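J.: What follows is a single structure, and I will ask about it in a moment.
The values are calculated or read from the model by the stated rules, or taken from the named source; none is laboratory data. For clarity, every value in this text was computed on a predicted model and none was experimentally measured. Neighbour counts are summed over all protein chains in view; Cβ atoms, including those assigned to glycine, are modelled from backbone coordinates with ideal geometry.
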Amino acid sequence: MVVLFLATSFFCVGQAAKDRFKDWAQTPPMGWNSWDCYGPTVQEHEVKANADYMASHLKDYGWDYVVVDIRWFVENTKRHGYNQIDPRYVLDAYGRYMPATNRFPSASDGSGFKALADYVHQKGLKFGIHIMRGIPTEAVKRKLPIKGTDGITADQVYTTENQCKWLKDNYTIVADKPGAQEYYDSIFELYAEWGVDFVKIDDLSAPIYHEDEINLIRKAIDKCGRPIVLSTSPGATPVTAGPHVSEHANMWRMVNDVWDHWRHLDHLIGVSQDWFSYIKPGTWPDCDMIPLGRLSIRGERGDDRMTSLTKDEQYTLMTFFTIFRSPLMFGGDLPSNDDFTLSLLTNKEVLKMHAESSQVRSLYYDEDKTAITSKNENEDWTYLALFNLSDSAPSDVWVNLSDMGMEGPVKISNMWTNEVLGTVKGKFTQNLAPHASGLYKIEKD
């Protein structure tokens, strides 16, 4: 009996340690990411301006991550794509990328993102960065040493196989080579020193799911001594990888980049049908960034604009992202928000659902209509989202309340307007315009 008890105790402790990272994102992370508005060109003053706005207008609603996206380590980046002709990389002596000081002046003297992270933290917010998987091609070319090893250099741990096809900054790391784990350990040691709270890592999930490198990354984060949320990107993450990614990452992309086009949102809603069972505290299927507000100031996709989604489509996007409990990473330039955009980000009832709901499930889905429901067990509320996905005409979208376990009369409220729609029994129907949606709170009458 004593042996059994000790074995069981050991297993419980081991499992708790293994799952510790899930404590870092018990609710879906919410914040701002620089990609949709600045592509690979964001500068320090722009990051600070968005942090200032978040602290003043959004922090009280749960928004708290400020994330610097791709290529912060390249001095001569450009809009509308990437400079892959003559990029000027900034690396330290151990082959680790450092912020380009012509874009991030506070990173001078090798201090990295420490000062910028401190600025964000002083506002009660959290700081994040984007990296590419693998080891820098420049580190390989210069045969730079890997910190924590006895003389192993970058050229001894790489392969050109499965190199990212759309950005050639890094090579693949050969996971079982001596020095591979140490390289990932060294970069996360650096990020912990800077005060990084969130890392989005690209080219991990598609077109190949890089399980070996995800394992290296998970171990490195667990060793670094700082809670760092791990976001894998881009999609589509294969559903067959669901059991693995949900045990190693806090969030993972279901599709490729979502921009301000209806077809992207329509596709996302369809793909999401395979991921409902993975919506759990600590690990979240990710809908991608929210392409609302002012986009592409110096972006990769298109020119400076306010989102091209209609108001109905913007409500549909936010309704889907919130009832699905996706992480919410706003992509537009926050200081450029108009009142309508801000209203989409500060609805207390909608954000309460996003933070507190459980049992998220699809009631039905077809090409033209879908219905999603969830529960708030603390309040004994049921949530319901109805969507008209058709392009052509208004349509009745309905549910049988019995499908949500409701047999008697219930009170239904519109969550975006706080309007009480009345008491309903049996069947609930709404006539919705093309691409429109409705979000409802249901209470026992």
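J.: Working carefully through the options Asp286, Asp333, find the one that is within 23 Å of Arg361 (Cα to Cα), buried (at least 21 other Cβ atoms within 10 Å of the Cβ) and in contact with a Lys or Arg (Cβ under 6 Å, 6 or more places away or on another chain). Break it down stepwise before answering.
T.: On the way: Asp333 fails: within 23 Å of Arg361 (Cα to Cα).
Only one candidate passes the filter, namely Asp286.
J.: Condition check: touching a residue at least 60 places away in the same chain (Cβ under 8 Å) and not aliphatic (A, V, I, L, M). Does Lys427 satisfy that? Show your work before the answer.
T.: On the way: touching a residue at least 60 places away in the same chain (Cβ under 8 Å): no; not aliphatic (A, V, I, L, M): yes.
So Lys427 does not fit the description; no.
J.: Hey, can you tell me all the residues within segment 356-383 that are over 20 Å from Gln314 (Cα atoms) and of a type in the set (A, V, I, L, M, F, W, C)?
T.: Those that are over 20 Å from Gln314 (Cα atoms) and of a type in the set (A, V, I, L, M, F, W, C): Val360, Leu363, Trp381.
J.: May I pose another question? Report yes if Lys280 is in the same structural domain as Ser205 (by TED's automatic domain parsing), under 18 Å from the mean Cα position of the chain (by Cα) and surrounded by fewer than 21 Cβ atoms within 10 Å (Cβ to Cβ), otherwise no. Please lay out each step first, then the result.
T.: Values: in the same structural domain as Ser205 (by TED's automatic domain parsing): yes; under 18 Å from the mean Cα position of the chain (by Cα): yes; surrounded by fewer than 21 Cβ atoms within 10 Å (Cβ to Cβ): yes.
Here the answer is yes, as Lys280 does meet what is asked.
J.: When both residues are 6+ apart or on different chains and their Cβ atoms are under 8 Å apart, which pairs have a first residue that lies in segment 243-263 and is in the same structural domain as Asp36 (by TED's automatic domain parsing) and in a helix (DSSP H, G or I), and a second that is modelled with pLDDT under 95 and surrounded by 21 or more Cβ atoms within 10 Å (Cβ to Cβ)?
T.: As it stands, the answer is Val245/Ser205, since those pairs meet every condition given.
J.: Hey, can you tell me all the residues within segment 290-304 that are buried (at least 16 other Cβ atoms within 10 Å of the Cβ) and in contact with a Lys or Arg (Cβ under 8 Å, 6 or more places away or on another chain)? First the steps, then the outcome.
T.: Pass one, segment 290-304, residues buried (at least 16 other Cβ atoms within 10 Å of the Cβ): 290-301.
Selection gives Arg294, Leu295, Ser296, Arg298, Gly299, Glu300.
J.: Filter segment 332-374 for residues that are basic (Lys, Arg) and in a helix (DSSP H, G or I); which is nearest to the chain's Cα centre (by Cα)?
T.: Start the filter on segment 332-374 by keeping residues that are basic (Lys, Arg), which leaves 348, 352, 361, 369.
Among the residues that remain, those that are also in a helix (DSSP H, G or I) are: 348, 352.
On the way: Lys348: 21, Lys352: 19 Å.
Filtering segment 332-374 for residues that are basic (Lys, Arg) and in a helix (DSSP H, G or I), the one nearest to the chain's Cα centre (by Cα) comes out as Lys352.
J.: Please verify whether segment 46-61 includes one or more residues that are assigned to a loop (DSSP other than H, G, I, E, B) and either surrounded by 16 or more Cβ atoms within 10 Å (Cβ to Cβ) or modelled with pLDDT under 95 (or both). Lay out the reasoning, then the answer.
T.: Step one: filter segment 46-61 for residues assigned to a loop (DSSP other than H, G, I, E, B), giving none.
No, segment 46-61 has no match at all.
J.: Test of understanding: among Thr370, Thr322, Thr307, which residue is assigned by TED's automatic domain parsing to the domain that holds Ser390 and either buried (at least 17 other Cβ atoms within 10 Å of the Cβ) or on the phi > 0 side of the Ramachandran plot (or both)? So that I can check it myself, show each step before the final result.
T.: Details: Thr322 fails: assigned by TED's automatic domain parsing to the domain that holds Ser390; Thr307 fails: assigned by TED's automatic domain parsing to the domain that holds Ser390.
Every option except Thr370 fails the conditions.
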